[in-house]
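One structure is given here, and the rest of the page talks about it.
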């Protein structure tokens, strides 16, 4: 069973559908501003994230809830939806809404010079895809909408953290393939706690 969190409208529809499929009844909803406010009370994400969300004037909640096969659910909170990818904060919550997070990821980022550097960051840029069956989280940070360049990071959820499994990158935005990010060259795994 896989759940993806793409940006904008398609993401809103998918998030609403996935959330209604597996949420415990005690969780807030995932449809509108009222639901988002209830989640913010529970998770207490940053003012900066909320400011960016309000600036986007999105009409959906921007919160996705996904079963993990453990007593916790993965909650992805969109800060800025973006045109083709957004930024998200990731949390793990139990039935009582006790939170772990925002969970930082060890991930590569390109500071703008074409040389990606490993970093640890809680506000994740990219399109997210979580697979319940494998506990894999895939983050695709496209450098442009065409998807011909960017960084693909694969993580596995173990206990309360996401551990990097693979990182691939195509840094040259040349309109040429491979367009399948899983075919891009491998980078060394980022290290750290």
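The values are calculated or read from the model by the stated rules, or taken from the named source; none is laboratory data. As the structure is a computational prediction, the values presented were derived from the model and not from experiment. Here Cβ is always computed from backbone atoms with ideal geometry, including for glycine, and neighbour counts include all displayed protein chains.
Below, the figures for the structure above:
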{"item": "Sole exception among (1) assigned to a helix (DSSP H, G or I); (2) at pLDDT below 95; (3) under 22 Å from residue 132 (Cβ atoms) for residue 39, by number", "result": "(2)"}
{"item": "Given (1) buried (at least 19 other Cβ atoms within 10 Å of the Cβ); (2) more than 30 Å from residue 26 (Cβ to Cβ), number of the condition residue 189 does not satisfy", "result": "(1)"}
{"item": "3 or more residues modelled with pLDDT of 95 or more, surrounded by fewer than 15 Cβ atoms within 10 Å (Cβ to Cβ) and under 11 Å from the mean Cα position of the chain (by Cα): qualifying strands (runs of 3 or more DSSP E) within segment 55-158", "result": "none"}
{"item": "Given (1) at pLDDT 70 or above; (2) part of a helix (DSSP H, G or I); (3) closer than 23 Å to residue 147 by Cβ, number of the condition residue 13 does not satisfy", "result": "(1)"}
{"item": "Which numbered condition residue 168 fails, given (1) surrounded by fewer than 22 Cβ atoms within 10 Å (Cβ to Cβ); (2) under 16 Å from the mean Cα position of the chain (by Cα); (3) not in a loop (DSSP other than H, G, I, E, B)", "result": "(2)"}
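Here's the yes/no breakdown for (1) out of contact with any strand residue (DSSP E or B) (no Cβ under 8 Å at 6 or more places or on another chain); (2) without any contact (Cβ under 8 Å) to a residue 24 or more places away in the chain; (3) farther than 30 Å from residue 187 by Cα:
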| site | (1), (2), (3) |
| --- | --- |
| 39 | no, no, yes |
| 48 | no, no, yes |
| 52 | no, no, yes |
| 84 | no, no, no |
| 88 | no, no, no |
| 104 | no, yes, no |
| 107 | no, no, no |
| 110 | no, no, no |
